[in-house]
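Participant: Okay, handing you the structure first.
The values are calculated or read from the model by the stated rules, or taken from the named source; none is laboratory data. In this text, all values refer to a predicted model and were calculated from it rather than measured experimentally. With ideal geometry, Cβ positions are generated from the backbone for all residues, glycine too; neighbour counts draw on all protein chains shown.
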Amino acid sequence: MNIKYYDIVIVGAGIVGLSLAASFRNSNLKVALVDKKNILQNKLHNNSDVVALNRASRNVLKNIGVNKDFIESSWSPYSNMFITNQDYTSKINFDTDKILDVSLGYIVNKKELEKELTLVVEKSSNIDIFEKKENKSILNRDKEVWLSFESGEYLVSKLIVGADGGNSWVRGQLKIPTVEQDYDQFALTCDVLVEHSHSNTASQFFLSTGPLALLPKSNPKSYSIVWTLTPELARSYENLSKDKFHKKLLSASNGFVGKILESTNIRIRPLKMICAQQFIKDNAVLVGDAAHVFHPLAGLGVNLGIQDIASLNEVINQCIEKGTEVNDAKHLRHFERWRKSEAIKLISMLRVINDIFKSKNKIVNFFTKTGLCLIDNNSFIKNFFVKKALQVDFKPPKLSKKSE
């Protein structure tokens, strides 16, 4: 048999899996990163997909070796956020320049970030990459776990990490049950070129059909759009002519961006909440979307996944410091309690926000409008929300703190 031994095997080479591997780049741990796609082609391919990252995620990525020049030159910072309801009767303006003199967040090209993380991993002598591999099975044997490939190869490790997305193969192999909720909504995403400059402002319009987010890109007149719609509207809008689609978007944003000059890469996908009932099992751990998937209205999905890997890195380093194995049950249970509580808090908060703004109840709508106005006029409350937005976690891991 062709068998190779590792301390940690990571399944999934998206942003979360790559970040976890990169976090161990200077350690004595032997790490394997596995994916069915061609990982090294991350350096060659590009597209327009973006992710919204907060300050804490920026700190993590900087601390695990992502090139500083890439962060400074290729990330699109936004220091303002404009939030309003459908008829503009109430709104909030968050301006971090006036509060903390830092960016509220960053819009980053997903493939470019994966490329930079791949470069970090590839340069690390303690990390092996297994690409274009079809997984066959996972078998736990006391203090080790066996990952087999269809090719007949085996990777044996003390710990296996599922970082393989919402439809996690690892989670399925481990037979970990999930709690799921269909939001009965679709996300329509696209890129648009508009008449007015975005002035580094991210905007969120809470409409009766769902929130519309406008995320500023590096071009001052370009946005990435995430528009939550009913399934029927999403399918309808996807097939509209460009002229008709632009009119719909212009109307939904109340003319906020001026004329829509161009739109590209229109796609739709169903929205669903998924939360694994266990984040650990035997010698395995789930992180990122493999552990939790939730509504995109706050753009926090990737951020929570990055905090997962920073927390797991911290817990594994504690194992090493105390002379225990990386799969020590006590430490992994601590990781699970930590990350599960953060995920549940965020899922619950987003569910409440989504339900409130979807409500057609006049009393609920009245208090929503009143609440927005009160927040906008109270600098103390606004400062609180801005500081929370800069840091997803209520209990942040060490890697998410700014390096000296």
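Conditions tested, residue by residue: (1) in contact with a Gly (Cβ under 7 Å, 6 or more places away or on another chain); (2) surrounded by 15 or more Cβ atoms within 10 Å (Cβ to Cβ); (3) closer than 18 Å to Ser125 by Cα.
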residue	(1), (2), (3)
Tyr6	no, yes, yes
Gln41	no, no, no
Lys68	no, no, no
Ser74	no, yes, no
Ile83	no, yes, no
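Participant: Report every pair of residues separated by at least 6 positions or lying on different chains whose Cβ atoms are under 7 Å apart, first residue within segment 310-329 and closer than 18 Å to Asp142 by Cα and assigned by TED's automatic domain parsing to the domain that holds Lys30, second assigned to a helix (DSSP H, G or I) and among the hydrophobic types (A, V, I, L, M, F, W, C).
Facilitator: Listed pairs, sorted by first residue: Glu325/Cys319; Val326/Ile316; Val326/Cys319; Asp328/Cys319.
Participant: Can you run down the residue pairs with Cβ atoms below 8 Å, 6 or more apart or on separate chains, where the first is in segment 126-140 and over 15 Å from Gly162 (Cα atoms) and the partner is assigned to a loop (DSSP other than H, G, I, E, B) and aromatic (Phe, Trp, Tyr)?
Facilitator: Asn126/Phe24; Ile127/Phe24
Participant: Checking Met349 against (1) hydrophobic (A, V, I, L, M, F, W, C); (2) at pLDDT 95 or above; (3) out of contact with any strand residue (DSSP E or B) (no Cβ under 9 Å at 6 or more places or on another chain); (4) under 30 Å from Thr230 (Cα atoms): exactly one of these is not met. Which one?
Facilitator: Tallying (1) hydrophobic (A, V, I, L, M, F, W, C); (2) at pLDDT 95 or above; (3) out of contact with any strand residue (DSSP E or B) (no Cβ under 9 Å at 6 or more places or on another chain); (4) under 30 Å from Thr230 (Cα atoms), Met349 fails exactly one: (2).
Participant: Which one of these is closer than 25 Å to Ser103 by Cβ, among the basic types (Lys, Arg) and either under 17 Å from the mean Cα position of the chain (by Cα) or modelled with pLDDT of 80 or more (or both): Lys388, Lys330, Lys382?
Facilitator: Lys388
Participant: Every residue in segment 190-222 that is farther than 16 Å from Thr84 by Cβ, of a type in the set (Ser, Thr, Tyr) and touching a Lys or Arg at 6+ places or on another chain (Cβ under 8 Å), please.
Facilitator: Ser197
Participant: Cβ-Cβ below 6 Å, separation at least six or inter-chain, first residue in segment 293-308 and in the same structural domain as Gly14 (by TED's automatic domain parsing) and charged (D, E, K, R), second in a helix (DSSP H, G or I) and crowded, with 24+ Cβ neighbours inside 10 Å: which pairs?
Facilitator: Asp308/Gly288; Asp308/Arg339
Participant: So Trp169 clears everything in (1) closer than 30 Å to Ile127 by Cα; (2) out of contact with any strand residue (DSSP E or B) (no Cβ under 9 Å at 6 or more places or on another chain); (3) not small (Gly, Ala, Ser) except one condition, right? Which one?
Facilitator: (2)
Participant: Quick one: in segment 45-66, which of the residues that are touching an Asp or Glu at 6+ places or on another chain (Cβ under 7 Å) and surrounded by fewer than 18 Cβ atoms within 10 Å (Cβ to Cβ) is farthest from Pro296 (Cα to Cα)?
Facilitator: Asn46
Participant: Can you tell me which residues in segment 318-343 are under 22 Å from Ser400 (Cβ atoms) and either touching a Ser or Thr at 6+ places or on another chain (Cβ under 8 Å) or of a type in the set (A, V, I, L, M, F, W, C) (or both)?
Facilitator: Cys319, Ile320, Val326, His331, Leu332, Phe335, Trp338, Arg339, Ala343
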